[in-house]
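Inspection log for the structure reproduced underneath, given as structure tokens.
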Amino acid sequence: MAEIGFTLNGKPVSAAAEDGASLLHLLRGPLALSGPRFGCGAEACGACMVLLDGRPAHACTLPAEAAAGRSVTTVEGLGTPEAPHPLQRAFLAEQAGQCGYCLPGILVSAAALLAANPRPDAAAVKAALEGHLCRCGSHNRIVRAVLRAAAEMAA
């Protein structure tokens, strides 16, 4: 068991992680977050995606210890119900989610894209979200939502 301290969604946290535990296990277990989800456990679906120091990372395979001293952002850290992130507003406006299982990972990856490239085209959005699986078939609406958020953020 190791005590791991890091910044989570802008706030310092510390939690005990079992030896060999993944960051996803730490986030969903002791830290009680529900945004990052377990999908495949093999970095193939993107449901577990978080931002580690601003870059997308698969929390399902990342050892919890890798977060020590670093910054982790989950979908819970993007916005609040009172002040949603432009991506969250755009996803609602475009009705970009159906079941919603994949959306937390997609939203954090899209946030990383817009931080690095504030004016992406559709091809850049598709490339940034290529590692995310959406079984509901909302891909076109998801791309439109990211482009809508980029336009809103640029205005």
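Per Stokes-Einstein, at 10 °C and 1.306 mPa s, what whole-number D in µm² s⁻¹ belongs to the range 86-154, with the Kirkwood radius over Cα pairs as the hydrodynamic radius?
The Stokes-Einstein estimate is 138 µm²/s.
Pairs of Cα atoms under 8 Å, at least six residues apart: use those to get the relative contact order of the chain, whole percent.
Values: 287 pairs, mean separation 36.4, N = 155.
Rounded, it is 23 percent for the chain.
Tell me, rounded to the nearest percent, the portion of alpha carbon pairs in the chain spaced more than 20 Å apart. Walk me through the intermediate numbers first.
Values: 5452 of 11935 pairs.
Beyond 20 Å sits 46 percent of the P(r) for the chain.
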Using a simple charge model, +1 on the beta-carbon of Lys and Arg, -1 on the beta-carbon of Asp and Glu, nothing else, what dipole does the chain show about its Cα centre, in debye to the nearest 20? 520 debye
Quick check: Cα centre of the range 1-33 to Cα centre of the range 52-70, how many Å? 10 Å
Helix axis angle, 139-154 relative to the chain longest principal axis, alpha carbon, degrees: 90 degrees
Around V72, which amide H atoms from residues at least 5 apart in sequence, or from another chain, sit under 5 Å from its own amide H, with H modelled in the peptide plane? T7, L8, N9, G10, D53
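Which value, in debye to the nearest 20, gives the size of the charge dipole of the range 86-154 about its Cα centre, when Lys and Arg are +1 and Asp and Glu are -1 at the Cβ?
Details: 7 positive and 4 negative charges, 21 e Å.
Using Cβ point charges on Lys, Arg, Asp and Glu, the range 86-154 gives about 100 debye.
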Between helix 103-116 and the chain: long-axis angle, C-alpha atoms, 0 to 90°, nearest 10: 80 degrees
Report P(r) for the range 2-77: all Cα-Cα distances, bin width 5 Å, range 0 to the bin holding the largest distance, values in whole percent. 3, 19, 32, 29, 13, 3
Pop a pseudo-label 7 angstrom from the Cα along the beta-carbon direction at both L92 and E130 and give the gap in nm to one decimal. 3.3 nm
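Laboratory data are not the source of any read-out in this text; all were calculated from the coordinates shown. Worth saying up front: this structure is predicted, and the values here are computed from it rather than measured. Note: ideal-geometry Cβ built from the backbone for every residue, glycine included; neighbour counts use all protein chains shown.
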